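I have placed the structure first, in the form of structure tokens, so that the comments after it can refer back to it.
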Amino acid sequence: MSKNTASTLLSITLLATMGVACGGSDSSTPDAPAGDTLPKCASGSNAFETFGGSAFLAVNTKIIDNTLAEFGSGGSGAANLGSAFEHLGDATQGSAYADDATAFTGKLAAFLVFAYGGPETTVVGGVTYHGNQDMVAAHTGMHITDAQLTYFITNDVVPALTASGVTSADVSACFAPVITSASFKASIIGH
């Protein structure tokens, strides 16, 4: 797999999951997690309180692995996820592509933690990343479609959650509402 293909896969992951925190606002920057107002899991707590930071980092790794597999030998990543991610790490293609795979992975992890009720910063690989990110700016120039985002959530994000032990009920109750909200989609699609 080429460096560009791997980068593309990582970008797809970021696009789909980064919009997660935009649930209750029309802003391009996610609102600060509202702890008690976030969707509740079966535990009665939000996703971060229920599963913890290490679980979020594990799911982040699985999302990236699932996305990379889409572009592996025999995969149909470009057909399902489009070509918007082929230039990860290549700032000449626009600012949305400036991050390399390592930075992308860290930013995605920090965003997920923040979006689901965790702290504003997360340390990944010894580097501190900020979870409160401007989703429109992060996706401008990528031209993500609704079908691509839906495919990514359904085929890469949800399987990462369930493979990590999140029940279907918790996927539906405490994860899906954030990443399927109209404001989240608006911050990702068509920019």
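The values are calculated or read from the model by the stated rules, or taken from the named source; none is laboratory data. From a predicted model like this one, the values you see are computed outputs, not experimental measurements. For neighbour counting, all protein chains shown are included, and Cβ atoms are generated from backbone atoms with ideal geometry for every residue, glycine included.
Results, tabulated for the structure shown:
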{"quantity": "Identity of the residue in the range 156-167, touching a helix residue (DSSP H, G or I) at 6+ places or on another chain (Cβ under 7 Å) and either surrounded by fewer than 19 Cβ atoms within 10 Å (Cβ to Cβ) or not β-branched (V, I, T) (or both), that ends up farthest from A47 (Cα to Cα)", "calculated": "D156"}
{"quantity": "Long-range neighbours under 7 Å by Cβ, at least six apart or interchain, first residue in contact (Cβ under 8 Å) with a residue 12 or more places away in the chain and at positive phi within the range 96-118, second part of a loop (DSSP other than H, G, I, E, B) and surrounded by fewer than 24 Cβ atoms within 10 Å (Cβ to Cβ)", "calculated": "G117/L38; G117/N46"}
{"quantity": "Scan of the range 129-151 for residues that are at pLDDT below 90 and aromatic (F, W, Y), ordered by number", "calculated": "none"}
{"quantity": "Residue identified as over 18 Å from I179 (Cα atoms), in contact with a helix residue (DSSP H, G or I) (Cβ under 6 Å, 6 or more places away or on another chain) and at pLDDT 50 or above among L57, L68, L81, L9", "calculated": "L68"}
{"quantity": "Qualifying residue in the range 33-51 (condition: surrounded by 18 or more Cβ atoms within 10 Å (Cβ to Cβ), at pLDDT 80 or above, of a type outside the set (A, V, I, L, M, F, W, C) and within 15 Å of the chain's Cα centre (by Cα))", "calculated": "no"}
{"quantity": "Qualifying residue in the range 101-122 (condition: modelled with pLDDT of 90 or more, closer than 18 Å to A186 by Cα and surrounded by fewer than 24 Cβ atoms within 10 Å (Cβ to Cβ))", "calculated": "no"}
{"quantity": "Condition check for D90: within 19 Å of G77 (Cβ to Cβ), more than 12 Å from the chain's Cα centre (by Cα) and not aromatic (F, W, Y)", "calculated": "yes"}
{"quantity": "Test: residue in the range 66-77 that is part of a helix (DSSP H, G or I), under 19 Å from I153 (Cα atoms) and among the hydroxyl-bearing types (S, T, Y)", "calculated": "yes"}
{"quantity": "Inter-residue pairs, beta-carbon under 7 Å, first in contact (Cβ under 8 Å) with a residue 24 or more places away in the chain and in the range 141-170, second surrounded by 22 or more Cβ atoms within 10 Å (Cβ to Cβ) and not in a helix (DSSP H, G or I), 6+ apart", "calculated": "M142/A84; H143/A84; I144/A84; D170/C41"}
{"quantity": "The range 109-148 - residue that is touching a strand residue (DSSP E or B) at 6+ places or on another chain (Cβ under 6 Å) and among the aliphatic types (A, V, I, L, M) and, of those, nearest to G52 (Cα to Cα)", "calculated": "V113"}
